[in-house]
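First comes the structure, then the notes that go with it.
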Amino acid sequence: MSARPDKLGDLVVVVVGASSGFGRGSAIKLAAEGSSVVIAARRKHMLDEIVSEIESGGGSALAVEADVTDPAQVSEIAKSAINQFGRIDVWINNVGVGAIGYFWDIPIEDHSRLIDVNLKGLIYGTHVALDQFIIQGYGTLINTGSIDSEVPLALQNTYAATKAGVLSLSRTLNEELRLAKMEDIKVGTIMPWAVDTPWWTHAANYTGHEPRMAMMDDPEIVVDAIVRSCLRPKEERPVGWKAKASDMSHHLIPDLTERLSANIAKKESDRGDPRSFHTGAIHEPMLDGMGMDGGIRARMKREDAND
């Protein structure tokens, strides 16, 4: 049994969902601090670019192509990490796709896709990580949730449900680890406010308007929170003053907080530029005038599982 490293420069970190967004930023920042990073996603060419960037700066990184919805491929991430570095100190589950709109306007296959990626994919990563941590006797699991994990947000229905599941799983695991006297294994959840990342353009959009949210945060504060959690994980870590205020408000006045949040979400949606809609059988929305392909569901399937 190895001792838990207490410096970022000594860590071996797996980042699942590292091709863009928080995952990419976290991998680069951890490597700059001296961590050995294993980055995983579906888009291997983007992972290879990140590895080249890290290695050119003197860091150490390994890219593993994997789809989080396939448990066998998730297991291969861990095997590759062990073969290369001998252990895993931190596993970061940074997976997520979205669909925006009234629940009944979103096709059932999109609801299913969100569950496959956001919840089942995260569960597969969690299971693999804990298997390794139990062998080692220590480890830190970081799950990327959302303020939606605590405050259910209108027009993000199934997305919010999956993120609530992420937080519930993390809470439950910490209690089970306590009962099993495995308290050197920690599980933390990162809970950002709406952040200015590609999520908004990758999400399936059934609102009829450009997807948006009020006062979006800079992704850098989320990356910093993930990096801090590698050494000092918290079961719940709301990121930024808006997420912290929303989290506190929901604990004190849950019904009012949910109603106000819903009103804000609807107002922001209505302010977005109108979108035209595909009139085919699956009613795929279109991205007019943005230089992007029309079918957002096709975009989800190409780019979603590990962004």
Quick one: M46, M216, M191, M248, fewest Cβ neighbours within 10 Å first, how do they rank? M248, M216, M46, M191
Label 7 Å along Cα→Cβ of E183; the range 228-259 residues with amide nitrogen under 19 Å? 231-236
How long is the gain from I221 to R171 if the chain were fully straight, where each residue apart is worth 0.36 nm and the alpha carbon distance is subtracted? 15.7 nm
Whose amide H sits under 5 Å from the amide H of V15, counting only residues 5 or more places off or on another chain, with H placed in the peptide plane? V38, I39, A40, I92
Restricted to the range 8-303, the DSSP antiparallel beta bridge percent, nearest 5, is 5 percent
For H202, H45, what's the fewest-to-most ordering of other Cβ within 10 Å of each Cβ? H45, H202
By count of other Cβ within 10 Å, fewest leading, how are L47, L8, L256 ordered? L256, L8, L47
Rounded to the angstrom and largest first, Cα extents along the principal axes for the range 8-303 equal 52, 45, 31
Straight distance only, please: which lysines reach the Cα of K7 with their own Cα at less than 25 Å, same-chain residues fewer than 8 apart left out? K29, K79, K181, K186, K234
Calculate the radius of gyration of the Cα atoms of the range 50-110 to one decimal place, then report Dmax, the largest Cα-Cα distance, as a whole number, both in Å. 16.8, 50
Backbone HN-Hα couplings from phi across the range 62-79 [Karplus 6.51/-1.76/1.60, Hz, Gly and Pro as x]: 9, 9, 10, 6, 7, 9, 5, 7, 10, x, 5, 5, 5, 4, 5, 4, 5, 4
Quick check on the range 143-247: take the gyration tensor over C-alpha atoms, sort the square-rooted eigenvalues as a ≥ b ≥ c, and tell me if it's rounded (a/c under 1.5), prolate or oblate. prolate
Hey, could you pull the Cα Rg and Dmax for the range 65-214, both in Å? 16.5, 51
FRET efficiency (D70, L256; Cβ distance; R0 45 Å; to 0.05) is 0.60
Straight-line reach only, C-alpha to C-alpha below 21 angstrom: list the lysines that K267 could link to, leaving out same-chain residues fewer than 8 apart. K242
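We did not get these values from a lab; they are worked out from the coordinates using the rules stated. Note that the structure is a prediction, hence the values are computed from the model and not measured. Note that each Cβ is placed from the backbone with ideal geometry, even for glycine, and that neighbours are counted across all protein chains shown.
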